[in-house]
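The values are calculated or read from the model by the stated rules, or taken from the named source; none is laboratory data. Given the structure is predicted, the values throughout are model-derived calculations rather than measurements. Note that each Cβ is placed from the backbone with ideal geometry, even for glycine, and that neighbours are counted across all protein chains shown. Surface accessibility is based on the protein's heavy atoms, side chains included, excluding ligands, DNA and RNA. Shrake-Rupley method; radii C 1.70, N 1.55, O 1.52, S 1.80 Å.
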Amino acid sequence: MVFEVRDTGCGMDDATQNRIFDPFFTTKFTGRGLGLAAVLGIMRGHGGAIHVESTQGVGSIFQIFWPAVPAKTAHGV
């Protein structure tokens, strides 16, 4: 299953895109920058993945890939 989020914001340059999953990286003056690093860790722990595309002046697309789950497990049977 894929969950996708798109925006039409300012987008990210290559240098920012290369660091968005680094712990403690932030583009803000305040904050800890753990958000995307934590999300990536959770997704990997569940066998999933994240794909990001971003173009400056156009926006960003985040695709969250969840692993397939057999019907028995999904319904608790």
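Observations on the model:
- Pairs with Cβ under 8 Å, 6+ apart, first in the range 19-46 and over 28 Å from M1 (Cα atoms), second modelled with pLDDT of 90 or more and open to solvent by 50 Å² or more (accessible area, probe 1.4 Å): F25/R19
Residue-by-condition table, conditions (1) part of a loop (DSSP other than H, G, I, E, B); (2) open to solvent by 80 Å² or more (accessible area, probe 1.4 Å); (3) touching a Phe, Trp or Tyr at 6+ places or on another chain (Cβ under 7 Å); (4) at pLDDT 95 or above:
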{"residue": "R6", "(1), (2), (3), (4)": "no, yes, no, yes"}
{"residue": "I20", "(1), (2), (3), (4)": "yes, no, no, no"}
{"residue": "F25", "(1), (2), (3), (4)": "yes, no, no, no"}
{"residue": "K28", "(1), (2), (3), (4)": "yes, yes, no, no"}
{"residue": "G33", "(1), (2), (3), (4)": "yes, no, yes, no"}
{"residue": "L36", "(1), (2), (3), (4)": "no, no, yes, no"}
{"residue": "V39", "(1), (2), (3), (4)": "no, no, no, no"}
{"residue": "I42", "(1), (2), (3), (4)": "no, yes, no, no"}
{"residue": "I50", "(1), (2), (3), (4)": "no, no, yes, yes"}
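- Residue within the range 60-71 that is touching a His at 6+ places or on another chain (Cβ under 6 Å), of a type in the set (S, T, N, Q), touching a residue at least 12 places away in the same chain (Cβ under 8 Å) and open to solvent by less than 100 Å² (accessible area, probe 1.4 Å) present: yes
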